[in-house]
Structures are given as C-alpha cells and as structure tokens.
1. Being farther than 19 Å from residue 137 by Cβ and loosely packed, with under 14 Cβ neighbours inside 10 Å is the filter; apply it to segment 176-187 and report the residue that is farthest from the chain's Cα centre (by Cα).
2. Go through segment 178-232 residue by residue and tally those that are among the basic types (Lys, Arg), under 25 Å from residue 132 (Cα atoms) and out of contact with any Lys or Arg (no Cβ under 6 Å at 6 or more places or on another chain).
3. Looking only at segment 98-116, decide whether some residue is in a loop (DSSP other than H, G, I, E, B) and either under 25 Å from residue 173 (Cβ atoms) or modelled with pLDDT of 90 or more (or both).
4. When you look at residue 82, is it modelled with pLDDT under 85 and surrounded by 14 or more Cβ atoms within 10 Å (Cβ to Cβ), yes or no?
5. Which ones in segment 187-233 are closer than 30 Å to residue 53 by Cβ and part of a loop (DSSP other than H, G, I, E, B)?
Amino acid sequence: MLSSVTFSLSSVLARCITVKATETPVPRFYRYVLSVPVYSPPEGQTPFKEFSRKNADSLSPLAADIFKSDDRIQSVLMGSNNVVVRLDKEESWKDGIEPKVMKVIKDFYKDDESRQAVTIPHAPTVLDVEEALEKICQGRAPNSNDDLLTSCVLEILELVIRPVLAADGGNCDLASVNVLSRNDDGSAKEVSVYVYLLGACKGCSQSTATLQGFVLQVLKKFIPEITAVEQME
C-alpha cells in the first residue's frame, strides 16, 4: 500500500513540473526556465553546456529531442535549471517553435522528474591510462624508441584527449611525432607532436588554448619529453 502511495505522489510531482518560456535580449535566443534541475557541470567547467546536432545524440537525450522538433533550431544550451534554444535565423518563435520545444521538455520529464538531460562521458582515471601505457611499454620507457613513443601518444589521445574534445563536438587526429633531440643512449630527449584538429575544434577561436593548455599538458603528464604540440592545417 505504501509503495503505491509513493508511486502516485511521484507521478503527481512529475506532472506538476513547470516550464516558463521567455525571450532573451539576444536575437534568436529563447529561454525555458524549469522547476527541476537540468545541468550540473563537473567541477571547474562552465555553468552552461552547448549542444549541436552533431553531438546531441551521444551527449544529451533532451537536446536530441529538441533538435528533432524543428529543423530551424541551430543549437541548444543548458544551465542549472534552464534550456536556451538558438535559431538559425529570426523566426516567429511563439507561433511555431515555442510550443514544440515546450512540449518536448514537458514530455521528457513527464514520467521521471530526476531524468538526466545530459550524459557525462566517462573519463578514464590516471590509473586507467597508466595501466594502458604499461601494457604497451612492457617495462620500457615511452621514449626508448620512436615506434613505442608514437604508440603511447596514440593511446593517450584515444583514452584521455578525444573524449574531452568530443564533449564539445570536437576531435583530433595524430599527424606525426617528431624527435627534436636525443640522449646519448639514443632515446628521445625532446619531442614535438603534430595533430589535426577536427569537428568543432577546427577553426575555433580557442584552438590555441586547447592545444597548449590541454592537449600539451596531458601529453607531458605521461611523456615528459614532449615539449611542443602544433596544429597541422
């Protein structure tokens, strides 16, 4: 009896979720304020998360549903308790798009007010990466020979760097690993890595910060001999 009462109360609460649609001062941006949490960013990340049609299917079931509601929606941003849609051009928002998005949001939370609107990709731990590199290196230093060095760089790109870039619709591919100088035993002393930035990272105004502040720092953490990361066009 108690379980049925609890279930009924949960259902009523879900049906009572409120969504308020408002215009914003920025043209083509429209906000929906919800009475339930939408997105809680990981520590150190920005309070808003933006989704495109390319990454929504894998990162946000709610954003994916919103994109399906109307082809004129260009992007979807999510904050703590709000959803902002950006249109590809100025449209009659209230006459067509506003009720479609409103219905999508209400339907999304209809049966479960705690449903996750954003899927946070699994980030491997340092131990995961170290174990993977140990399998490749088999007790040798990553810089002991050039083929091993390249294999280790590829593994770090795959395990650590790509998942983070993919969360914002970006990606990168390895172009080459160049040894700039060597130790007396022939091992690499200074190494530069060249990569192709893809997806949302290509042509992004923050690409330099991404390369130097993220990609380079991650590679150096596991292979200290890497001193530079450059972008290939």
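1. 184
2. Here the count works out to 2.
3. yes
4. Working: modelled with pLDDT under 85: no; surrounded by 14 or more Cβ atoms within 10 Å (Cβ to Cβ): yes.
So residue 82 fails the test.
5. 200, 201, 202, 203, 204, 205, 206, 232, 233
The values are calculated or read from the model by the stated rules, or taken from the named source; none is laboratory data. Remember, predicted model here, so these are calculated numbers, not experimental data. Please note: Cβ atoms are built from the backbone with ideal geometry, for glycine as well, and neighbour counts cover all protein chains shown.
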